[in-house]
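Report on the following structure.
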Amino acid sequence: MKKIKWVVYLLTVLPLASMAQTPSTTSETAEVTPSSGGVFGGSKNFRTFSIGINGGVLIPSVATGGSNDFSKWQVNYGYGAYLKWQLLHFLALRGDFVAGKLKADNSRELGNGQAPNSPYASFETSLKWSGSLNAVFNLATINWLHKQSAATLYVSVGGGLAGYNPKVTTPGGVTTEYKPSGVIKEFFVPVGAGLKFKLSEGVNLDLGYTMHYLDGDNLDGYNKAPSKDKYAYGYAGLEFSLGSRSKPQLQWHNAPAVMYDQLEASRNQLKLELDAEKENNAKLAASVAKLQADSDGDGVSDLFDKCPNTPAGDKVDGSGCPLPKPDTVKPEVKVIITEDDRRLVREAIANLEFATGKADIKPSSFASLDRVADLIKRKNLSLKLAGHTDNVGKDASNMILSKNRAESVKAYLVGKGVNPSRIEATGYGETQPIATNKTAAGRQQNRRVEFTIY
């Protein structure tokens, strides 16, 4: 009776201890979901070891039937424990320990109505210990109806060794030990089935029934060959999963549900990326449309047209302002461009700097541009401005930026009194690099505005 009290005590106290160790599903601790373990991440993502305790009944008979040496078997207590290693979703290795008592007597008549012909009236066997190694097969490892399984059916088979000590009692009431010299040890084959319920991420309820087929006829103290003795153990117990509380149990893992969650997450991420790309394309299309707008049809975008509403047919310069009429144009005087003139232009190119990603000229470049403006006015020269960029960013954006920077230089020189008809501004984007774009130094050389005087 003391052993039964200990089993009841353990079945009551251990669930409470497990609940104290199980993380709560509050805002501080995320609830474990079927997707926690992944699909092809290996067993390291799961809890694979567990221990179990159980209590139940032992009877000297099994459900598959067969002859027994006594006519009426009795129900007695049994208790056990096990250590299990889950190898795959459906397969585990389990080491079991079972002990308890077995009893039967001949108080029931045989099927023909006669009393049993036996020298013994009853027996009582103390199953001191039994140990076995079993393969456990889960029969419902994949659930197509629910993401999380709450119950599973399993079967087990293995082999082990039992140690027991039978006592027999004659009809006259004399009780003797079957083997006074010690404990009988016999090999047995356990075959079982059970139903397991998931109570929490760390605790399972285990209901099972195991039949033990002994390799001998000594369990009941009556060697009545050729039949061999057998006994069954029906039990209820708790299984506690070992390992990190953040990992799910492998035996409850539902791979299709995990794969569905992962595909759903990938689909949602792809949708976000597509939406963001659509938004960027819409912004770019709006910028291109703004750049192409030309209300007065003079060939200069409204964005750069400083003389809107130019009369149709009038020729305009790069800023959209009308060019002088032919009868007012003075004959060009041929001038000679000296090496000093070219050096002045090269200095302007070398000193020209813009704000990052913009067409705004930095003040440090004004002095050299002023000298270029003075040279163009003094010698009545013409100037071609060619804007270039590196390959960082989108092609269309780089084309716009190169054009804007060339136009910005033109606007500055026109503001210093240069005839706009003398300046041509063109943007080439990233199409004409003079150095490699694979290095920072190369990209710096490609971000430029070229000056050509003639």
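For this structure, a couple of remarks:
- The set of residues in segment 254-269 being of a type in the set (A, V, I, L, M, F, W, C) and open to solvent by 70 Å² or more (accessible area, probe 1.4 Å) consists of Met259, Leu263.
- Annotation: of all residues in segment 52-65 being modelled with pLDDT under 95 and open to solvent by 60 Å² or more (accessible area, probe 1.4 Å), the one that is farthest from Leu207 (Cα to Cα) is Thr64.
One line per residue, one yes/no per condition, for (1) at pLDDT 95 or above; (2) aromatic (Phe, Trp, Tyr); (3) part of a strand (DSSP E or B):
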{"position": "Trp85", "(1), (2), (3)": "yes, yes, yes"}
{"position": "Arg94", "(1), (2), (3)": "yes, no, yes"}
{"position": "Lys103", "(1), (2), (3)": "yes, no, yes"}
{"position": "Tyr120", "(1), (2), (3)": "no, yes, no"}
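- Taken as a whole, the structure places Ala135 among residues that are within 27 Å of Glu239 (Cβ to Cβ), among the hydrophobic types (A, V, I, L, M, F, W, C) and modelled with pLDDT of 95 or more.
Residues checked against (1) free of Cβ contacts under 8 Å to residues at least 60 places away in the same chain; (2) under 26 Å from Ser402 (Cβ atoms); (3) surrounded by fewer than 13 Cβ atoms within 10 Å (Cβ to Cβ):
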{"residue": "Leu272", "(1), (2), (3)": "yes, no, yes"}
{"residue": "Leu284", "(1), (2), (3)": "no, yes, no"}
{"residue": "Ala355", "(1), (2), (3)": "yes, yes, yes"}
{"residue": "Leu375", "(1), (2), (3)": "no, yes, no"}
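- The residues in segment 319-345 that are at pLDDT 80 or above and part of a loop (DSSP other than H, G, I, E, B) can be counted, and the count is 8.
- Yes/no for Lys84 being within 47 Å of the chain's Cα centre (by Cα), basic (Lys, Arg) and closer than 28 Å to Gly52 by Cα: yes
- Within segment 380-436, tally of residues that are open to solvent by less than 40 Å² (accessible area, probe 1.4 Å), closer than 14 Å to Asp317 by Cα and among the charged types (D, E, K, R): 2
- Wholly enclosed strands (runs of 3 or more DSSP E) of segment 175-235 bearing at least 2 residues in contact with a helix residue (DSSP H, G or I) (Cβ under 9 Å, 6 or more places away or on another chain): 184-198, 203-214
- Helices (runs of 4 or more DSSP H) wholly inside segment 346-454 that include at least 2 residues being of a type in the set (S, T, N, Q) and closer than 22 Å to Val288 by Cβ: 395-415
- Breaking point among (1) open to solvent by less than 50 Å² (accessible area, probe 1.4 Å); (2) of a type in the set (Gly, Ala, Ser); (3) in contact with a strand residue (DSSP E or B) (Cβ under 8 Å, 6 or more places away or on another chain), for Ser319: (3)
- Of all residues in segment 208-229 being modelled with pLDDT under 95 and surrounded by 21 or more Cβ atoms within 10 Å (Cβ to Cβ), the one that is farthest from Gly159 (Cα to Cα): Gly221
- Pairs where the first residue, in segment 247-266, is within 13 Å of Lys147 (Cα to Cα) and in contact (Cβ under 8 Å) with a residue 24 or more places away in the chain and the second is part of a strand (DSSP E or B) and of a type outside the set (Val, Ile, Thr), C-beta under 9 Å, 6+ apart: Trp252/Lys198; Trp252/Asn204
- A count restricted to segment 80-127 and to residues that are open to solvent by 40 Å² or more (accessible area, probe 1.4 Å) and within 15 Å of His212 (Cα to Cα) stands at 2.
- Those residues of segment 195-207 which are closer than 30 Å to Asn68 by Cα and open to solvent by 10 Å² or more (accessible area, probe 1.4 Å), in sequence order: Leu195, Leu207
The values are calculated or read from the model by the stated rules, or taken from the named source; none is laboratory data. Note that this is a predicted model, so its numbers are computed, not measured. Here the Cβ is made from the backbone with ideal geometry for all residues, glycine too, and neighbour counts use every protein chain on show. Keep in mind that these areas ignore ligands, DNA and RNA; they rest on the heavy atoms of the full protein, side chains included. Shrake-Rupley method; radii C 1.70, N 1.55, O 1.52, S 1.80 Å.
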